[in-house]
Amino acid sequence: MSRPVILVHGLWHQPEHLAPLVEALADAGVQATAPRLHRGSFEADAAAVQEAVDAAEAAPVLVGHSYGGAVVTDVEGAAHLVYLAAFVPDVGETTASLNGRDGLINAALRVRDDGATEVRPELADQHLYADCTPQQRARARALLVPQASQYRHGSPTRTGWRTTPSTYILCTEDRAVAPATQRRMAERCTSVVELPASHSAYLSRTEEVARIIAEAAEV
């Protein structure tokens, strides 16, 4: 028997990016869903995930990718937290402050006239999908969306990793969130698994990521 899993995507991404991971988990007998973020603020995103947790039949495993890690940190009621190349903030910390001015992803971004940021298509592969197949890259690039700037400056009001068992999946070839940055944040988690993968290990290492999540979901 397995607990339900809720997958929480990162900035500039959508639930559709996580479809291969949802399918791999289903093949492993684990029910997974991925709520849509970009609700207007960090607080609204956390509320959307909290609603999904509250509606689950049992305490779920929350999986946060990148920015999604900050979101799951702020949510109550999880049985286990999985951080995939993700931010693990304390109260008062933001994804922007943890990644720093020299965060690797910053080189791939441009600011639109409306103040939102977007990933430059010509740099998306290098920073996000370096070890993905050409087909995976093309699909993932097509799904990217602009991101309002305020999301990166939202901070959790609680820290789930202090009271809930957690696993950090550290992607050693990441060019969006530096592996050294991930390693510092991973020290806050109960256990750490390293994968030789890019920022989007849910695409390039789908089966391995699904196996780690499925183990966390075992009852």
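The values are calculated or read from the model by the stated rules, or taken from the named source; none is laboratory data. Note that the coordinates shown come from a computational prediction; the quantities given were computed from them, not determined experimentally. A quick note on method: Cβ atoms are made from the backbone with ideal geometry, for glycine too, and the neighbour counts reach across all protein chains shown.
Tabulated results
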quantity: Odd one out for S97 among (1) more than 14 Å from R152 (Cβ to Cβ); (2) assigned to a helix (DSSP H, G or I); (3) small (G, A, S); calculated: (1)
quantity: Residue within the stretch 59-71 that is over 18 Å from L21 (Cβ atoms), among the aliphatic types (A, V, I, L, M) and surrounded by fewer than 18 Cβ atoms within 10 Å (Cβ to Cβ) present; calculated: yes
quantity: Criterion (surrounded by 18 or more Cβ atoms within 10 Å (Cβ to Cβ), under 13 Å from the mean Cα position of the chain (by Cα) and of a type outside the set (G, A, S)) met by exactly one of L104, L128, L98; calculated: L128
quantity: Matching option when the condition is modelled with pLDDT under 95 and farther than 28 Å from D114 by Cα, among V209, V219; calculated: V219
quantity: Test: residue in the stretch 81-93 that is assigned to a loop (DSSP other than H, G, I, E, B), in contact with a Cys (Cβ under 8 Å, 6 or more places away or on another chain) and surrounded by 15 or more Cβ atoms within 10 Å (Cβ to Cβ); calculated: yes
quantity: Matching residues, the stretch 184-195, being in contact (Cβ under 8 Å) with a residue 12 or more places away in the chain and assigned to a loop (DSSP other than H, G, I, E, B); calculated: R188, C189, T190
quantity: Some residue of the stretch 178-197 being surrounded by fewer than 19 Cβ atoms within 10 Å (Cβ to Cβ), at pLDDT 95 or above, aliphatic (A, V, I, L, M) and in contact with a strand residue (DSSP E or B) (Cβ under 7 Å, 6 or more places away or on another chain); calculated: yes
quantity: Some residue of the stretch 2-22 being crowded, with 24+ Cβ neighbours inside 10 Å, small (G, A, S) and at positive phi; calculated: no
quantity: Subset of the stretch 19-55 that is closer than 21 Å to R158 by Cα and small (G, A, S) - its residue that is nearest to the chain's Cα centre (by Cα); calculated: A46
quantity: Filter pass, A46 being part of a helix (DSSP H, G or I), out of contact with any strand residue (DSSP E or B) (no Cβ under 8 Å at 6 or more places or on another chain), crowded, with 23+ Cβ neighbours inside 10 Å and small (G, A, S); calculated: yes
quantity: Boolean, T181 is of a type outside the set (D, E, K, R), out of contact with any Leu (no Cβ under 9 Å at 6 or more places or on another chain), outside any strand (DSSP E or B) and touching a residue at least 60 places away in the same chain (Cβ under 8 Å); calculated: no
quantity: Close pairs from the stretch 81-92: first at negative phi, partner at pLDDT below 95 and crowded, with 24+ Cβ neighbours inside 10 Å, Cβ under 8 Å, at least 6 apart; calculated: F87/T95; P89/T95
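Residues are listed down the side, and each one gets a yes or a no for (1) touching a residue at least 60 places away in the same chain (Cβ under 8 Å); (2) among the β-branched types (V, I, T); (3) in a loop (DSSP other than H, G, I, E, B); (4) within 28 Å of E76 (Cβ to Cβ):
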residue	(1), (2), (3), (4)
D102	no, no, yes, no
N106	no, no, no, no
E118	yes, no, no, no
H127	yes, no, no, no
T157	yes, yes, yes, yes
T164	yes, yes, yes, yes
A197	yes, no, yes, no
E208	no, no, no, no
A214	yes, no, no, yes
